[in-house]
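A quick write-up on the structure given underneath.
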Amino acid sequence: MKKITACIDGNDMATIVGEASFWAAKKLKAPLTLLHVLDKSEYQQNSVNGLSGAIGLGAHEVLLSELTRADEIRSKLALQYGNQLLDDLLMTAKKQPLENVNKQQIHGDLVSSLLDLESTTRLFILGKSSQQEAENSHVVGSLLESVIRLIKSHLLIITQPFQAPTSYMV
């Protein structure tokens, strides 16, 4: 049976995407996967590139080592943060009650990850952040636009607050 995949990230839409995915899982009687994609470009700064000529020889190695350690720490924190988001939503899902709910964390970019999961997914649920809505309610972000253009499965794009849809467009 194909599943519902809810795309969870650290923005203010995580809880609302969770609510929508719980509703969809109940309505479609389908398994639910809570997905968090760790995109390196989101949490690594790559601050080393522009500094190589700006410091002395001995200081370069020390600074490079410190920046590498900082990237490792940032990476571990991003992993832990994503895991905590998924655990919190998993606990909420169990209170719904939903039976077949699991979590998945992937290293990579969102679009490629969703393309890899498309053959096993009936419905993807994503949130349009309230920051985007505040700036312009008619514009979607470039990442969301890429998902919409490339994914052939059904998509449910959530805005605040979540309201159960009464119709849909294919």
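Can you name every residue in region 61-79 that is of a type in the set (S, T, N, Q) and closer than 13 Å to ASP39 by Cα?
Step one: filter region 61-79 for residues of a type in the set (S, T, N, Q), giving 65, 68, 75.
Within region 61-79, SER75 is the sole residue that qualifies.
Being over 24 Å from GLN160 (Cα atoms) and at pLDDT below 95 is a description that applies to MET1.
So how many residues does region 84-117 have that are part of a loop (DSSP other than H, G, I, E, B) and basic (Lys, Arg)?
Residues that pass the stated criteria total 1.
The values are calculated or read from the model by the stated rules, or taken from the named source; none is laboratory data. Computed from a predicted model, the values in this text were never measured in an experiment.
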